[in-house]
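The values are calculated or read from the model by the stated rules, or taken from the named source; none is laboratory data. Just so we're clear, the structure is a prediction, and the values are computed from it rather than from any experiment. Don't worry about glycine lacking a Cβ; one is built from the backbone with ideal geometry, like all the others, and counts go over all protein chains shown. Heads up: the accessible areas ignore ligands, DNA and RNA and are worked out on the full protein's heavy atoms, side chains in. Shrake-Rupley method; radii C 1.70, N 1.55, O 1.52, S 1.80 Å.
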Amino acid sequence: MKIKNNNSMKKIIPSIILTASASCNLLLAQAENRLEEAERAFPCSITANCQLPSANCDNLGQDLSCHLMMNPATPEEGAEALGEGLGVFGKRVTTTTIANTGPQTTGVGIALVQGERAMPGSQSAFSIDCNSKAEGAKERARGDKEKAETAQNEKRKCWFEKSKAPKRREASAWNDADSCSMQASDFWNKASEAHTQGNESLADLCLRTANQYEKSAEYNRKVATIAINQDITDFYRFLATSAYAWSSAIELEKAVIALEKATQAIAVNQGELVALLMQASKQHEESAEYFTQAANAKIGGNIIDFDRFDKASGYSQNSADELEKASIALKKATQASAINQGELAALLMQASKQHEESAEYFSQAANAKISGNTTDFDRFDRESTAARQSAQQLEDAANALKR
């Protein structure tokens with residue numbers, strides 16, 4: 001993908017004011033007398049788009065018992081992709097540069113590699129292992145759920161808020177461990193199914209997703225144990241670490257969804273769409289790795305590395321999201337072209353290219369942040385924002401034309 005120069009950007013978006021993405025910090029309030037006086041406001045760093053990677057906190061209370069919402073909304077059009085591409089396995093895709101012409105299905109080189117399907121009625125060692133791990137995760141989830149219920153019941157027996165808070169934190173952590181283990185179980189089963197169908201790339205990605213969800217579950221179990229002992233310093237450190245591990249799992253799950261969409265697009269020979277979705281999948285994987293590195297830095301107390309990987313994960317996440325938007329705009333452009341709505345198709349194609357360009361800038365910003373190149377980071381940060389705003393303007397124009 002080639003990046004346009006600044007003059008070309010000015011022609012596309014003359015009215016855009018370049019703004020820099022900001023990092024934000026959320027301070028969790030103090031809440032409990034002498035115990036809470038020891039609980040200094042916990043600075044949980046936020047990603048570049050000001051979205052708390054730790055969890056869309058749905059219950060931040062005075063006792064700081066913010067638990068993770070483990071089932072966020074999937075990306076736009078992502079839900080229907082889950083499970084729908086399972087009949088087109090045994091195919092692997094390699095992508096080339098997308099052509100700059102209108103909607104076509106030949107702008108990408110596709111190499112189809114037939115995987116080995118399991119014989120009817122047979123079960124490979126891989127599938128047996130995955131199914132065993134899936135059942136093990138379910139068993140751990142049941143144990144976590146029981147512990148959460150016990151902690152919740154003990155909390156109800158407490159008279160004072162000071163004594164309730166540790167039990168509330170403990171119950172919340174056990175519940176999060178339960179949710180993560182159930183997700184891990186689902187993805188181990190999904191890996192087994194993909195392997196049976198001959199899609200080894202998807203099977204491998206599902207395995208990695210399952211392992212990451214289980215890692216987050218383990219961190220949450222540690223958080224629960226620490227909550228019992230009321231060690232505030234370690235509590236917040238492990239709480240943040242579990243949140244970043246969970247964010248990594250979410251990004252891998254998005255990578256799975258994008259890969260499934262790409263598989264569907266292969267089946268109907270939509271080459272350019274395949275290329276974008278494969279790029280999005282890889283970018284989600286990269287974002288997942290940055291979140292993992294941020295988790296490792298947080299647990300190890302390496303503030304400098306944590307800051308680098310925290311910021312990079314946000315920009316990489318933005319890049320993947322822009323590629324998702326580019327694929328959606330491209331799909332709409334293809335549909336408009338099919339019914340002879342040429343002007344609408346042209347606007348949507350332009351929007352798709354701008355989202356794609358924005359994705360490249362966000363990716364370059366992430367790389368610059370990792371390498372410590374402040375000058376390049378600032379430049380790519382500005383360009384990414386400008387390109388994203390331009391894409392939004394083109395989509396607004398397309399929507400107005402459609403109306």
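Results, tabulated for the structure shown:
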{"item": "Some residue of region 213-234 being closer than 27 Å to LEU323 by Cα, assigned to a helix (DSSP H, G or I), open to solvent by less than 40 Å² (accessible area, probe 1.4 Å) and not hydrophobic (A, V, I, L, M, F, W, C)", "result": "yes"}
{"item": "Condition check for LEU348: part of a helix (DSSP H, G or I), in contact with an Asp or Glu (Cβ under 8 Å, 6 or more places away or on another chain), within 30 Å of ILE266 (Cβ to Cβ) and open to solvent by 10 Å² or more (accessible area, probe 1.4 Å)", "result": "yes"}
{"item": "Failed item, numbered, when THR292 is tested on (1) modelled with pLDDT under 95; (2) surrounded by fewer than 24 Cβ atoms within 10 Å (Cβ to Cβ); (3) closer than 17 Å to ALA240 by Cβ", "result": "(1)"}
{"item": "Scan of region 357-380 for residues that are touching a residue at least 60 places away in the same chain (Cβ under 8 Å) and surrounded by fewer than 24 Cβ atoms within 10 Å (Cβ to Cβ), ordered by number", "result": "GLU360, GLN364, ILE370, GLY372, ASP378"}
{"item": "Looking only at region 141-161, and only at residues there that are under 20 Å from GLN183 (Cα atoms) and touching a helix residue (DSSP H, G or I) at 6+ places or on another chain (Cβ under 6 Å), the one that is surrounded by the fewest Cβ atoms within 10 Å (Cβ to Cβ)", "result": "LYS145"}
{"item": "Residue that is surrounded by the fewest Cβ atoms within 10 Å (Cβ to Cβ), among those in region 253-279 that are touching a His at 6+ places or on another chain (Cβ under 7 Å) and of a type in the set (A, V, I, L, M)", "result": "ALA255"}
{"item": "Test result for GLN364, assigned to a helix (DSSP H, G or I) and within 21 Å of SER287 (Cβ to Cβ)", "result": "yes"}
{"item": "Lone unmet requirement of (1) open to solvent by 10 Å² or more (accessible area, probe 1.4 Å); (2) over 19 Å from LEU207 (Cβ atoms) for ALA240", "result": "(1)"}
{"item": "Filter pass, ARG388 being open to solvent by 50 Å² or more (accessible area, probe 1.4 Å) and either under 25 Å from ALA258 (Cα atoms) or in contact (Cβ under 8 Å) with a residue 12 or more places away in the chain (or both)", "result": "yes"}
{"item": "Selected residue [part of a helix (DSSP H, G or I) and more than 24 Å from THR374 (Cβ to Cβ)] from LYS298, LYS282", "result": "LYS282"}
